[in-house]
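K.L.:
A single structure is presented below for examination.
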Amino acid sequence: MKNKIALLGDAEKRGQMESVLSKCLKAHDIPFEIHHVSDSQKFIHEFLFNNDFRLFMESSRGTITYMLKIYTNFDRQCSRHVVGTLKPPLTQNKFINHMLEVIKSSNVCPYGMYAAKNAKMSRLIPHEDIQFIYKEKYKSMIYLHNGEYVEEITTHAKVLKELDTSYFFKCHQSYVVNFFNIEEISDDYKFILTKSGDIIPMSRLGFKQLVKAISLSITGVNSFDY
């Protein structure tokens with residue numbers, strides 16, 4: 001499924017926005033289709049109420065105004081529109097960081113339970129309590145939002161099979177992060193700050209997974225692929 005995008009403005013402004021969006025989406029293998037509109041009436045009548053479109057952007061009077069359609073909790077049963085503004089010119093950093101904030105504020109971590117076990121105890125952990133999971137040889141260290149951690153003698157792969165990969169993604173060879181517990185991303189995209197204050201490394205592949213997750217979650221498509 002392609003992410004349909006409608007751009008409104010004069011030719012120069014539309015070209016600038018298209019250049020940035022195309023580079024960003026192509027770099028992360030995200031399917032898209034951009035439509036140019038120069039007339040505001042045509043934009044309203046033919047594009048604005050077309051359910052196939054996910055993102056609308058207009059550049060005029062020194063402001064980029066956007067409307068983004070989001071499906072909540074990675075399903076296609078319920079959607080909402082988010083409206084906001086950006087300062088031109090559009091850049092990949094502005095687009096990625098702003099969309100991350102929009103997705104974070106528009107979704108709630110779906111409820112689920114993980115059954116953790118070791119020699120001393122068995123424990124059910126709500127998914128929303130998991131900040132990240134660190135792999136150390138045959139151990140998986142599950143770090144929680146309250147600063148605790150639970151250690152299991154199991155492989156990372158086995159832990160991942162029991163988690164919902166709609167919102168747990170692999171940001172690094174040794175780390176899996178809960179998408180909904182990300183607080184900030186460093187300017188160079190090499191580190192993630194979780195809501196619990198932990199700093200997690202992010203690889204190039206991990207960043208690609210993150211951007212794909214942000215973008216494709218808008219369409220309700222599960223974009224996490226290990």
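K.L.:
Compute the signed sum of charges (Lys and Arg +1, Asp and Glu -1) over the other residues within less than 12 Å, Cβ to Cβ, of residue 135. It would help to have the intermediate numbers written out before the result.
P.N.:
Values: positive: 137, 139, 158, 170; negative: 136, 151, 152.
Overall, the nearby charge balance is +1.
K.L.:
For the peptides 117-128, 57-68, 172-183, 82-93, what is the packing order when you average, over each peptide's residues, the other Cβ atoms within 10 Å and list the highest mean first? Could you put the intermediate results ahead of the total?
P.N.:
Working: 117-128: 11.6, 57-68: 16.6, 172-183: 19.9, 82-93: 14.0.
Packing proxy ranking, top to bottom: 172-183, 57-68, 82-93, 117-128.
K.L.:
While we're looking at this one, here's another question. Report Rg(Cα)/(2.2 N^0.38 Å) for region 138-203, keeping two decimals.
P.N.:
Details: Rg = 11.9 Å, N = 66, 2.2 N^0.38 = 10.8 Å.
Working it through for region 138-203, the quotient is 1.10.
K.L.:
Would you mind calculating the gained length between residue 123 and residue 44 on full extension (0.36 nm times residue separation, minus the Cα-Cα distance), in nm to one decimal? Please report the intermediate quantities before stating the final value.
P.N.:
Values: separation 79, 0.36 × 79 = 28.44 nm, distance 5.34 nm.
Between residue 123 and residue 44, full extension yields 23.1 nm more.
K.L.:
Cross-link partners among lysines for residue 158, C-alpha distance below 30 Å, same-chain residues fewer than 8 apart left out?
P.N.:
Result set, ordered by chain and number: 104, 117, 120, 135, 137, 139, 170, 190, 195, 208, 212.
K.L.:
Which ordering of 23, 170, 195 is given by a fewest-first count of other beta-carbon atoms within 10 Å? Intermediate values should be presented prior to the final figure.
P.N.:
On the way: 23 11, 170 23, 195 14.
By the 10 Å Cβ count, ascending: 23, 195, 170.
All of the numbers you see were taken from the coordinates with simple rules; none came from a lab. Keep in mind that this is a model prediction, so the values were computed, not measured. Every residue, glycine among them, receives a Cβ derived from its backbone with ideal geometry; neighbour counts consider all protein chains shown.
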